[in-house]
Amino acid sequence: MDSGRPRSHFQSDLDFCPDCGSILPLPGVEDTVTCIRCGFSVDVRDFEQKVVKTTFVFHKVGTAVPVAADDGPEFQGPVVDRRCSRCGHEGMAYHTRQMRSADEGQTVFYTCTSCRFQEKEDS
């Protein structure tokens with residue numbers, strides 16, 4: 001690790017910056033991997049022998065539910081029993097995003113499947 005900086009007390013995997021907790025970029029042609037957020041550097045040799053596993057799941061032909069091209073990610077989530085405050089329709093799709101700091105809850109976005117009205121809720 002970069003000897004010019006004091007060593008962090010935050011213990012993490014090499015995928016994450018030990019100073020700020022951000023995801024580190026993949027090693028490239030440079031001799032170091034540098035955190036984009038705070039500038040922390042790790043010697044690229046620290047990544048030698050690191051195993052990366054990836055899983056792909058292929059569904060049987062005809063079992064996937066097609067999504068209309070004009071429907072954005074707000075319609076691709078599951079539908080819950082929630083009444084739309086605009087039209088009164090029972091059933092809203094939802095998806096979540098981490099909009100605030102990591103120590104706070106996610107923001108839940110609800111979209112009415114009838115009138116497309118959107119609401120958000122901080123959890």
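The values are calculated or read from the model by the stated rules, or taken from the named source; none is laboratory data. Here the structure is a predicted model, which means the values were calculated and not measured. Virtual Cβ from ideal backbone geometry, glycine too; neighbours counted across all protein chains shown. Heavy atoms of the whole protein, side chains included, go into the accessibility calculation; ligands, DNA and RNA do not. Shrake-Rupley method; radii C 1.70, N 1.55, O 1.52, S 1.80 Å.
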Worksheet item: So if R0 is 25 Å, what FRET efficiency would ILE23 and SER123 give, r being the distance between their Cβ atoms, rounded to the nearest 0.05?
Response: 0.65
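Note the full-extension length gain between ARG100 and VAL79 as 0.36 nm times their separation in residues minus their Cα-Cα distance, in nm to one decimal. Walk me through the numbers before you get to the answer.
Values: separation 21, 0.36 × 21 = 7.56 nm, distance 2.40 nm.
Fully extending the segment from ARG100 to VAL79 adds 5.2 nm.
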Discussion item. Heavy atoms of the protein only, probe of 1.4 Å, neighbouring chains included. What is the accessible area of THR111 in Å², nearest 10?
Written reply: 0 Å²
Item to complete: Quick one: which residues, 5 or more positions from GLY77 or on another chain, have an amide H under 5 Å from its amide H? H modelled 1.01 Å from N in the peptide plane, none for Pro or chain starts.
Response: TYR94
